[in-house]
Amino acid sequence: MQQQLPKRGGSIEGAEGEPSASTAENVERLLGVGRHLAKADSESTAARRTSESSCVPMEPRIVRKDANGRHANGHGPHREAAAASEGRCARFFHRFRLEVAFYKLGRLIGAHPVLVLVASVALCGVTSIGLMFWRQQLNDLELFLPEDSPIRRDAAWVDKWFSEEMIFESVIIIADNVLDQEVIRTMAELHQDVRNINVTSGVTWDDLCARVLAWMDVEADAEVVELVNQYNKHGNVCIQESILALWANASAAAAATQEEIYQMFTNALLNPNSGGTSAFKGVRHLLSGVTYSEDGNVTGATATILTYSLKKNLEQSKQSTLFIQGNADALEWEEEFMRVVHSTNRTLPPSVEILALANRSYNDALQEVLDSNLTVLFSGFSLIVVYVVAMMGRANRLENRVYLALSGGLTVPMAIAASFGFCFSLKYFYGPIHPILPFLLLGVGVDDMFIIVQALDDLTPAEKELSVPERVGRALRHAGTSVTVTSLTNIVAFAVGANTKMPTFKSFCFFASMGILFLYIFVLTFFVSCVTLDERRRKANRDGCMPWVVREEFSTNECSQHDHQKAFFHRIYSPCLMKTPVKVLVILLTLTLVGFNAYSAFQVEQKFDPVLYLRNDSYPRQFQEALKRHFPKLGNRGGVYIGQIDYFEHQDALLDLAKSLQQNPYINSDNFGFWLIDFVKFMENRKDEPLDFNEFRGYLAEFLYTTDQGYPHIKDVKIRGFPFGEYEILATRIPIQHVLLNGAWQQAQAMESVHKELEAAPFAKDTVAYAKEYVSWTANQIIGEELLRNFAFTLTAVSLVTVILIRDLVTSASVIACVVCTLVGLVGSMVLFGLTVEITTSIVVTLCVGLAVDYSAHVGHKFATLKGSREQRARDTLELVGPPVFNGGFSTFLAFVVLVFSDSFIFTTFFKLFFSVVVYGLFHGLVFLPVVLSILGPSDSSGPSDQVYTVPVQNGSAHLELKVGNRRRRETEELQRQPLADTLP
């Protein structure tokens, strides 16, 4: 309602620039009318005003307007509508007191910026002390399996009796024909080079290699070695798997003719037990792509594999009296082994490719991944700093914020140092997926900085004339809640994820949760302190690049005063988005995307392979790919392990178990071998049968150490004592290799089928089934079981936080709906990028719950604080928070865009998924959510419209406007300059 008061003539100023008497009289009369109406209204609403007496006082608002009704103070009508709602917003947050707390914090920091800055640096320094306890974990069992996992217990049992005995170094040679004479000669030269490796301490292959006695729990003195050599025709030789074992030595192999080579392998493949001095059975499984002539003779093969076995514990050589210096010599030998095999000085025949894998290769390659992110991180940091410098300030000498952007960037390394130190103090470890944390914190931190600086820039011209502490307090009063919503949701999301059973996932989530917490602390302390110092610089007219230079007569250029982003959102984007046809199109597009991505989400496979964490060009990954391509049946060594039982009494049960395992569809039957099966055949050929356990042991020793059939099984029988006397069988093994399995379901079925076979045995409590693949397969199961649980818990927790801080159910529900749509889009995009459900993708999905809130919560929170029609509030919201939200999303993209050039699976996966998060998050936050709120958002409950009274001044060329209503405004131009500390509780 607008009532025109009687017009009085006169000028707004007298001759000397003072207000004229007529103008002062008009203003006084106008204020008197306002006070009269205010008094009448206060009598009718005394109870309500009493409950709100501690809020900002409500006074008539005088606004200068020109003759055309435009706001002369530079505020548009929408800004005035937003300002008109601040009283209700203040009362709203008075109940929650969060804005009041942030206002007081801002004033405190604004008054003592140096003290707060020093305190935040000191906090970083104290918590960083924990970096002294840095602990890095590369062991698969410790990374992927919980402490109470049965697989960990089985692995410990196997490691006690078998795994500690040997470590394996393997070489794959690929060629058009590896049986070609030149290739065999190259292979022999390589073998001789490996045998000639010497490490610093003088230790050679003969000192380190695992020998026959490696499987006996006896001291390797000269008498034992002599007795073994007496009974064992092969002697205490080094154990190796190689087609070169068909010859007496490498020199003989190098001298063989092409015809001799073909004949040698024809005979070897016809006789499965051939293997020369190898402790492994035959050479058939060492060749791939074997070709035959029409008469059945071997004519070639496409690949072969060589395996060298080293004693793992290495306390003492089994041949000499040379004592080994722990594992240091073996590690050095392995390093030299990789250098020799991959040497570029060796001339290879055409089409020959040599790939090698040492026991330490996976950890070395994983360590390389952990150490390779520094350059990428620096590149991402540089991109973000350049972008923040460009977007945070203005393009002139006074209003640019170069140093503020740089100091804001320091909050990320401070948060990293503090959070890492804190986590290491609590004995959490650093794993293979942790290198992505700096990029995560970099993206999240910049979002918060943009929100704070934007709130400072959005202060009214009158507020910008206040003292620096007051300006900082008012800016933080607006920005603090938004920053808290996004940070708290991210912290909660990762805190929920830290409850997982998988150690590396748990550690990462805890690191991330603490990192975001410390980042939140340092942004509100260190960065706000830097903001205060920068505001002091600007108030003193000091140069932005050379702050020691004072520019007394500084005038801004016109270009630097235009906020092109805000102008785009105000003049082009928001009016266009609020048109009905566009709204319909946005809703239809969103529904289409959600439907398509929901369908794609059901096509995502669950598959986890630790090898994927290595770089694409790393030699362990290339070796594994070649192994799967040429030797798909030669997986990691595993088996069914049997403890101290009466092997004589349980012969039939053992044979039944072996038969059922051989018939298992998930086990490679072509390479299946069990020592007891061959032992029974040995006894049948002798036409003899042991009568008791003592005879059984005697015949078994004879079979193992004096026959070609038994020699390959020496490694599968762990004994204590000399084998040709009173010895004890400690454990035995049935070697198994699973066929190539695809998908988590097949892997789970394979493990379950083996365990069911063991449960049916009468000695089940003394059996263990273990293969190295079981670690990743079990981790795969854990991921599948906990992903939905963590997602549900995280989404619930984040939703509660959102509702509590936004305090509007409709708006909160709209924000949560956007989060869900973003998650659906993320999972659906995994199919497009060829990704599967594994640890990395599970982490990003968990992170997305909190990150997606960032894009939507700022929009929802600002919408809830404004007043007016739904559509008007949606337009004002886009104008006010659209630029910082877009800048935050784009800066997050910049933090990860450099990862696209990485050859690490972890880094490229994070880029693909974060690209999806940013795209879908910005779409739902800046496109879909404003449309939904403009249609379904909470209605304006401000009551009847404010009554407006205007009085013309200065001969009608300008007006003074007075607004009075049921919810009267608190501020006049004079009160805007009054510190809120005088009015806030």
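The values are calculated or read from the model by the stated rules, or taken from the named source; none is laboratory data. Computed from a predicted structure; not experimentally measured. Quick reminder, even Gly has a Cβ in these numbers, built from the backbone with ideal geometry, and neighbours come from all protein chains shown. We work out accessible area using only protein heavy atoms, side chains counted, and drop any ligands, DNA or RNA first. Shrake-Rupley method; radii C 1.70, N 1.55, O 1.52, S 1.80 Å.
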Q. Using heavy-atom solvent-accessible surface (probe 1.4 Å) with all chains present, what is the largest-first order of 727, 262?
A. 262, 727
Q: Whenever you get a sec, compute what percent of the accessible area on region 664-707 sits on carbon and sulfur atoms (1.4 Å probe).
A: 45 percent
Q: For region 564-603, with all protein chains present and a 1.4 Å probe, just round the carbon and sulfur fraction of the accessible area to a whole percent.
A: 76 percent
Q) How much accessible surface area, in Å² rounded to 10, belongs to the heavy atoms of residue 807 with a 1.4 Å probe? A) 100 Å²
Q: Work out how much length residue 760 to residue 295 would gain on full extension: take 0.36 nm times their residue separation and subtract the Cα-Cα distance, in nm to one decimal.
A: 162.7 nm
Q. Can you give the accessible area per residue of region 678-745, in Å², using a 1.4 Å probe?
A. 44 Å²
Q. Top to bottom by accessible area (1.4 Å), largest first, where do 157, 333, 548, 777 land?
A. 548, 157, 777, 333
(Q) Longer than 19 Å from Cα to Cα, which of 311/715; 160/718; 160/607; 427/506; 160/681; 160/765 are they? Say none if no pair is. (A) 160/607; 160/681
**Q.** With all protein chains modelled, accessible area of residue 939 [1.4 Å, Å²]
**A.** 80 Å²
**Q.** Amide H within-cut-off set for residue 430, under 5 Å, with H built and near neighbours excluded
**A.** 135, 136, 137
Q: Ignoring everything but the protein chains, give the 1.4 Å probe accessible area of residue 107 in square angstrom, nearest 10.
A: 80 Å²
**Q.** Accessible surface of region 712-779 [probe 1.4 Å, protein heavy atoms]: carbon and sulfur percent
**A.** 52 percent
Q) Once the other residues with Cβ under 14 Å from the Cβ of residue 896 are scored (Lys, Arg +1; Asp, Glu -1), what is the net sum? A) 0
Q | Exposure ranking of 878, 117 by accessible area [1.4 Å probe, largest first] | A | 117, 878
